[in-house]
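Novice: So that we are looking at the same thing, I have put the structure below in structure tokens.
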Amino acid sequence: MMCKPLLAEDDSSFLQGFRVGGYTSVDLHVPRTEPTRLNWNELSMIVTWDKNTRIKFFGELDLEDPASYTHRQGLDFREAYINPERLYFDLNINENANLRLGRFLTPLGRWNQLHASPLVWTASRPLATTELFPSFTSGVQLFGNLPFSERSLDYQVYSATMNAQPESRGETEYKDARGARIALNNVFNFTDENAGLNTIGLNYSSYREEQPGGPKYRLLGLDFLLEFNRWELSGETYTRKAEHGRIGGSGSYLQSAFFIKSDWYWITRLESLHQPAAPNAERWVLGVTKRLKPNQLLKFEIVGGNGEYEDVPRGFATSFAMMY
């Protein structure tokens with residue numbers, strides 16, 4: 001009789017550690033050469049567990065492309081598929097080190113780790129962050145933060161332990177991924193409220209295409225974020241080499257966000273992508289973004305330049321993104 005209430009309290013305490021949320025977005029694309037298309041991009045469910053212990057859990061399950069509409073095809077549900085984006089446990093070793101086990105976003109650059117629609121300024125994603133390296137890794141990651149003086153150093157070291165690396169539909173599949181990222185925070189030693197947002201990161205990774213006899217790549221990258229007064233500047237650049245010194249491709253982007261007023265922001269981006277087996281792309285993006293609420297963004301943009309990619313068509317796009 002005494003044990004039953006105690007057991008109920010333990011169960012209740014365990015369940016109170018769970019949190020459920022997610023995000024979704026809808027885009028309207030008016031491409032230069034293709035029919036106008038309305039896309040429901042994703043419906044994401046995020047489940048976390050944290051009871052202030054050394055162990056934490058994070059899971060994200062996405063229903064990708066649930067629905068689309070064009071004048072020719074009408075309402076279409078056939079492209080929907082389920083993508084297990086993230087599923088991992090974090091173990092806190094000490095105040096400077098943590099161990100992550102499971103499936104996680106490959107820690108390369110900034111955009112790939114913060115790509116959810118409500119967390120980025122534009123409806124379109126830079127091509128360099130989708131075409132050159134694996135978006136996900138299933139394996140182990142050691143990460144943490146090392147403070148020193150008025151700055152700190154973030155580090156992430158990872159290695160795949162499973163060769164099956166399911167990507168989003170249409171993306172190249174890779175295996176044997178391993179690499180590291182280090183990022184120095186407060187590079188310019190600012191003393192205002194933006195001090196922790198001035199970061200420069202260095203990236204290294206090696207991986208092989210999943211197909212039989214697929215090439216092995218080595219990638220080097222640089223990323224940065226600078227936020228000061230009404231400006232946010234960010235960018236990433238990557239170059240990769242295939243085996244025997246062959247060129248493996250390169251890509252980069254430079255983006256600015258300028259606060260206008262009343263939660264309106266002016267967005268500008270320049271980007272490029274060079275790949276041996278695909279046409280080169282030189283793109284520009286101009287747009288405005290309205291922060292309707294802390295968890296809601298409304299975006300308008302025009303994508304120009306050259307190079308055709310189905311996921312990022314040139315033309316006009318508007319998007320609504322929301323976290324819940």
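Bear in mind these aren't lab numbers, they're just calculated from the coordinates by the rules spelled out. Everything numeric in this text was worked out from a predicted model, so none of it was measured. So basically every Cβ, Gly included, is an ideal-geometry build from the backbone, and we count neighbours across all protein chains shown.
Novice: So how much slack lies between residue 69 and residue 228, counting 0.36 nm per residue of separation and subtracting their Cα-Cα distance, in nm?
Specialist: 53.2 nm
Novice: Let me check against my output: what whole-number percent is the relative contact order of segment 12-166, with C-alpha pairs under 8 Å and at least 6 apart?
Specialist: That works out to 15 percent.
Novice: So for the pair residue 161, residue 295, with labels modelled 7 Å out along Cα→Cβ, what separation do we get in nm?
Specialist: For residue 161 paired with residue 295, the spin-label model returns 3.4 nm.
Novice: Separate question: Along the Cα→Cβ direction, 7 angstrom out, place labels at residue 78 and residue 286. What is the inter-label distance in nm?
Specialist: About 3.8 nm, to one decimal.
Novice: Stretch residue 277-residue 115 to full length: gain in nm at 0.36 nm per residue minus the Cα-Cα span?
Specialist: 55.7 nm is the gain from fully extending residue 277 to residue 115.
Novice: Ignoring the sites themselves, what is the longest stretch of the chain with no GluC sites (Glu not before Pro) in a DSSP loop and at most 15 other beta-carbon atoms within 10 Å?
Specialist: Longest run free of exposed loop sites: 194-307.
Novice: Of all trypsin sites (Lys or Arg not before Pro) in segment 51-123, which ones are in loop regions per DSSP and have a Cβ with at most 16 other Cβ atoms within 10 Å?
Specialist: Within segment 51-123, the qualifying trypsin sites (Lys or Arg not before Pro) (loop, at most 16 other Cβ atoms within 10 Å) are 51, 54, 72, 78.
Novice: Evaluate the distance, in nm, between pseudo-label points positioned 7 Å from the Cα of residue 96 and of residue 33 along their respective Cα→Cβ axes.
Specialist: Using points 7 Å along Cα→Cβ, the separation is 5.4 nm.
Novice: Residue by residue, what Karplus-based ³J(HN,Hα) values in Hz, rounded to whole numbers, does segment 298-315 have, using 6.51, -1.76 and 1.60 with θ = phi - 60° and x for Gly and Pro?
Specialist: These are the phi-based 3J(HN,Hα) values: 10, 10, 9, 7, 10, 10, x, x, 10, x, 9, 9, 4, 6, 10, x, 6, x Hz.
Novice: So which aspartates and glutamates pass the test for residue 293, namely a Cα distance under 17 Å, with those fewer than 8 places away in the same chain ruled out?
Specialist: Correct list for residue 293: 263.
Novice: Report the extension gain between residue 18 and residue 220 in nm, rounded to one decimal, defined as 0.36 nm multiplied by the number of residues separating them, less their alpha carbon distance. Walk me through the numbers on the way to the answer.
Specialist: Numbers: separation 202, 0.36 × 202 = 72.72 nm, distance 3.78 nm.
Going from the current span to full extension adds 68.9 nm.
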